[in-house]
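Q: One structure follows; several queries about it will come next.
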Amino acid sequence: MAVELQAVVMAVYGGSRMQDLTTGIPKPLLPVGNKPLLWYPLNMLERAGFEEVIVVTTREVQKYFPDTKMKVDVVCLPEDKASEMGTADSLRYIHQKIKSDVLVVSCDLITEVALHEVVDLFRAHNATLAMLMQKAPEPSEHVPGQKGKQKSVEERDFIGVDDSGSRLLLLANEEDLDDGLDLKKCIFQRYPRIQMKMGMMDAHLYCLRKYVLDFLANNDSFSSIRRELVPYLVTKQFSTQKNVAQETAKKDLYSYIPKDELLEMALNKSSWSDHRGDMQESYHGGCLRCYVHVAGSELCCRVNSLAMYIEANKQVPQSSICSEEPRVHPTAEITDKLMVGADSMIGEQTKIGEKTSVKHSLVGTKCIIKERAKITNCIIMNDVTIGDSCILQGSVICNKADIHSSADIKDCLLGSGQRINSKEKRVNEIIVGNEQLMEF
């Protein structure tokens, strides 16, 4: 049976702005709300009714793949090239597996936005591209290891949409606006009123037509979906056939669009128009159309920095996504259960000793926290050992870290497998190796 949309999840290395977190664990496996990051897009697709998914990843991630009821086709990129391949490169790599239009989503997206909000735009307008965007989040109040003010969020976009708020007419990175914005006259001729939205962020969820992937397969100049392919499609909407005919260096995208003579005849002879009775032809004759759904108040975050990783671990446990997940796993052993706050999560097979308090924190699986420790506003990953009488505040503790008795750690990031000695005190540090110490 033909499938309308094939789902593709991108779960490769990434995490260039969170390397301190990913030195000992691949980004797709980072725990958020005591679930690996990759679990969230898979869960979203499963809830939306998808039965199959292609996951583009690496062999390292494949070993610890999260459970899902969907049929999963895992495609591992070549180990010697995976770190250099962008998302468009990855789509090109799996082109032979794509038989229909595609829904592409990044493994670092966690959202409560209903998937049909984007898919319905794609269907209703026979769009070339439909994507999800969100208002860029405000910087976190505090990030471990950083004493000064948090830098502004990168990758903020400036977009222009029509009166409906969904037809995507302009797309530019805010950093590029210093040089001015070059607007084509033809855009204003077709859309006299354009709504401008600043401070937007691409959620990395895209619906794309099959012909776009066919175009990509024969055009290796595109490496990234977000940085190269999407801006190209948005701009290409307003290219004239005359300009297209002049391009001789390589096949143009227009040549990949299948012709539907019956549809063209119906549109030409119909009085219907998508422009509210302005008597122009439907879509103003454009066969390339880009649409955007902007997330509202629902949870929508991309875990692409240390600040957003911390923010996601605050928001996800309070969201509808984790509403059925137990705050304390049934296999966890807690001596004084009243000392663990209702706003905390405790993972499976974790042991917490007598008189140990845990507040506003997430504790992963197979951790051992001994007697009289105080854990406040922390993210503790898996297989972590914390000695008796330790005090931890506002810190991120990565897998297999070993913190000895009476240590005092405040506002730090402790890397995978790192050790803190007994009675040692650390404040505002990123500790990523025995001889590596980064302080801001």
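Q: Restricting to segment 44-66, name every residue that is in a helix (DSSP H, G or I) and open to solvent by 30 Å² or more (accessible area, probe 1.4 Å).
A: Matches in segment 44-66: Glu46, Arg47, Arg59, Glu60, Gln62.
Q: Mind listing whichever residues of segment 78-89 are crowded, with 16+ Cβ neighbours inside 10 Å, of a type outside the set (Asp, Glu) and over 28 Å from Gly33 (Cα atoms)?
A: Correct list: Met85, Ala88.
Q: Can you pull out every residue in segment 12-43 that is over 23 Å from Leu414 (Cβ atoms) and assigned to a helix (DSSP H, G or I)?
A: The answer is Trp39, Tyr40, Pro41, Leu42, Asn43.
Q: Oh, and also: Tally up the residues in segment 287-316 that are over 20 Å from Gly199 (Cβ atoms), touching a residue at least 12 places away in the same chain (Cβ under 8 Å) and open to solvent by 10 Å² or more (accessible area, probe 1.4 Å), please.
A: Matching residues across segment 287-316 total 4.
Q: Anything in segment 192-213 that is open to solvent by 40 Å² or more (accessible area, probe 1.4 Å) and either within 16 Å of Ile159 (Cβ to Cβ) or acidic (Asp, Glu) (or both)? List them, or say none.
A: Selection gives Arg193, Gln195, Met196, Lys197, Met198.
Q: Next question, about the same structure. All but one of (1) without any contact (Cβ under 8 Å) to a residue 24 or more places away in the chain; (2) more than 28 Å from Glu112 (Cα to Cα); (3) among the polar types (S, T, N, Q) hold for Ser223; which doesn't?
A: (1)
Q: Ok, one more. Report, by residue number, each residue of segment 173-191 that is open to solvent by less than 40 Å² (accessible area, probe 1.4 Å) and touching a Gly at 6+ places or on another chain (Cβ under 9 Å).
A: Across segment 173-191, the qualifying residues are Ile187, Tyr191.
Q: Follow-up. Take the residues in segment 208-244 that are more than 15 Å from Arg92 (Cβ to Cβ), part of a helix (DSSP H, G or I) and among the hydrophobic types (A, V, I, L, M, F, W, C), then tell me which one is modelled with the lowest pLDDT.
A: Val244
Q: Of all residues in segment 370-383, how many are in contact with a Gly (Cβ under 8 Å, 6 or more places away or on another chain) and closer than 23 Å to Gln318 by Cβ?
A: 6
Q: Across segment 334-357, what is the total count of residues that are within 23 Å of Gln315 (Cα to Cα), among the hydroxyl-bearing types (Ser, Thr, Tyr) and out of contact with any Ser or Thr (no Cβ under 6 Å at 6 or more places or on another chain)?
A: Selection size over segment 334-357: 2.
Q: Consider Gly341 carefully, then state whether it is open to solvent by less than 60 Å² (accessible area, probe 1.4 Å) and modelled with pLDDT under 80.
A: No, not satisfied.
Q: Does Val75 satisfy the criteria of being within 15 Å of the chain's Cα centre (by Cα) and not in a helix (DSSP H, G or I)?
A: No, not satisfied.
Q: Take the conditions open to solvent by 50 Å² or more (accessible area, probe 1.4 Å), over 22 Å from Ile420 (Cα atoms) and not small (Gly, Ala, Ser) and apply them to Pro326. Does it pass?
A: Yes, satisfied.
Q: Is it the case that His95 is within 30 Å of Gly296 (Cβ to Cβ) and open to solvent by 20 Å² or more (accessible area, probe 1.4 Å)?
A: No: the conditions fail for His95.
Q: Additional query: Name every residue in segment 100-123 that is hydroxyl-bearing (Ser, Thr, Tyr) and either buried (at least 24 other Cβ atoms within 10 Å of the Cβ) or under 18 Å from Cys290 (Cβ atoms) (or both), in order of residue number.
A: Within segment 100-123, Ser106 is the sole residue that qualifies.
The values are calculated or read from the model by the stated rules, or taken from the named source; none is laboratory data. These numbers were taken from a predicted model, which means no experiment stands behind them. Cβ: placed from backbone, ideal geometry, glycine included. Neighbour counts: every protein chain shown. Remember, those area values only see protein heavy atoms, side chains included, never the ligands or the DNA or RNA. Shrake-Rupley method; radii C 1.70, N 1.55, O 1.52, S 1.80 Å.
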